[in-house]
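The values are calculated or read from the model by the stated rules, or taken from the named source; none is laboratory data. Bear in mind the structure is a predicted one, so any value in this text is a computation, not a measurement. Don't worry about glycine lacking a Cβ; one is built from the backbone with ideal geometry, like all the others, and counts go over all protein chains shown. The area values use the complete protein model at the heavy-atom level, side chains included, leaving out ligands, DNA and RNA. Shrake-Rupley method; radii C 1.70, N 1.55, O 1.52, S 1.80 Å.
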Amino acid sequence: ESSLVYRVRAMGTLRKLLVEHKKVTTRQKKQILDDLKEAIRIDPNNKYNYIYYAQALLDLDEYNDALNALEEARELDAEEPETYHWLGVYYRKIGDEANSALNDKLATEKGYIPDPD
């Protein structure tokens, strides 16, 4: 299977659990993160595998690992606006508004287009 299959399945499962149940069990969390790690294993040069892994980690309050994943994504492509958007989210979650604002600005400058609400 491609890394995209693992990534889509993991993120779909996570969104469904958070929306419908407002929680994720330890077993579900492990499966989601295992799928995202498998996507990275299959295609370690795909920046989006790291970005989505980081997004899931942020949703699951795993901040240190999220930052590491975002740093990997940035190493693969320093111009990818999604990376800076999620760095902004990371810094906001840990209460660092200055770095959050800086990364939000970088995301916008690099062409980040927010999802419509």
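With a sphere of radius 15 Å drawn around the Cβ of residue 81, what net charge do the other residues whose Cβ falls strictly inside it have (Lys, Arg +1; Asp, Glu -1)?
With Lys, Arg at +1 and Asp, Glu at -1, the net is -3.
Under 18 Å from the Cα of residue 16, which lysines turn up, not counting those fewer than eight places away in the same chain?
Qualifying lysines at Cα under 18 Å: 29, 30.
Using the charge dipole of the chain (Lys, Arg: +1 at Cβ; Asp, Glu: -1 at Cβ; taken about the Cα centre), state which of 42, 26, 111 has its Cα farthest towards the positive end.
Among 42, 26, 111, the one farthest towards the positive end of the dipole of the chain is 26.
For the range 28-86, what ratio Rg/Rh do Cα atoms give with a Kirkwood hydrodynamic radius?
On the Cα set of the range 28-86, Rg over Rh gives 0.95.
With r defined as the distance between the Cβ atoms of residue 77 and residue 109 and R0 fixed at 22 Å, what FRET efficiency is calculated, to the nearest 0.05? Mind showing how you got there, number by number?
Numbers: r = 15 Å, r/R0 = 0.68.
It comes out at approximately 0.90.
Could you give the accessible area per residue of the chain, probe 1.4 Å, as a whole number in Å²? Before the final figure, lay out the partial values.
Details: 6910 Å² over 117 residues.
For the chain, the solvent-accessible area averages 59 Å² per residue.
With every protein chain kept in the model, how would you rank 83, 13 by accessible area, 1.4 Å probe, largest at the top? Walk me through the numbers on the way to the answer.
Values: 83 0, 13 60 Å².
Largest accessible area first, the list is 13, 83.
Describe numerically, in nm with one decimal, the distance between label points set 7 Å from Cα along Cα→Cβ at residue 28 and at residue 102.
3.6 nm
Got a number for the accessible area of residue 15? Probe 1.4 Å, square angstrom, nearest 10.
Roughly 90 Å² of residue 15 is accessible to a 1.4 Å probe.
From the list (1) 7.3; (2) 8.1; (3) 6.7, can you say which value of mean projected area of the Cα convex hull in nm² was derived from the structure given?
The value matching this structure is (1).
When a/c is below 1.5 the answer is rounded, else prolate if a/b is larger than b/c, else oblate, so apply that to the range 62-117 with a ≥ b ≥ c taken from the square roots of the Cα gyration tensor eigenvalues. Could the numbers behind the result be given before it?
Values: a/c = 1.61, a/b = 1.10, b/c = 1.45.
Oblate, because a/c is 1.5 or more while a/b does not exceed b/c.
If the reach is capped at under 28 angstrom between alpha carbons, list the lysines near residue 110, excluding any in the same chain fewer than eight residues apart.
Cα-Cα hits under 28 Å: 37, 47, 93.
Using label points projected 7 Å from each Cα along Cα→Cβ, tell me how many nm separate residue 5 and residue 92, to one decimal.
3.5 nm
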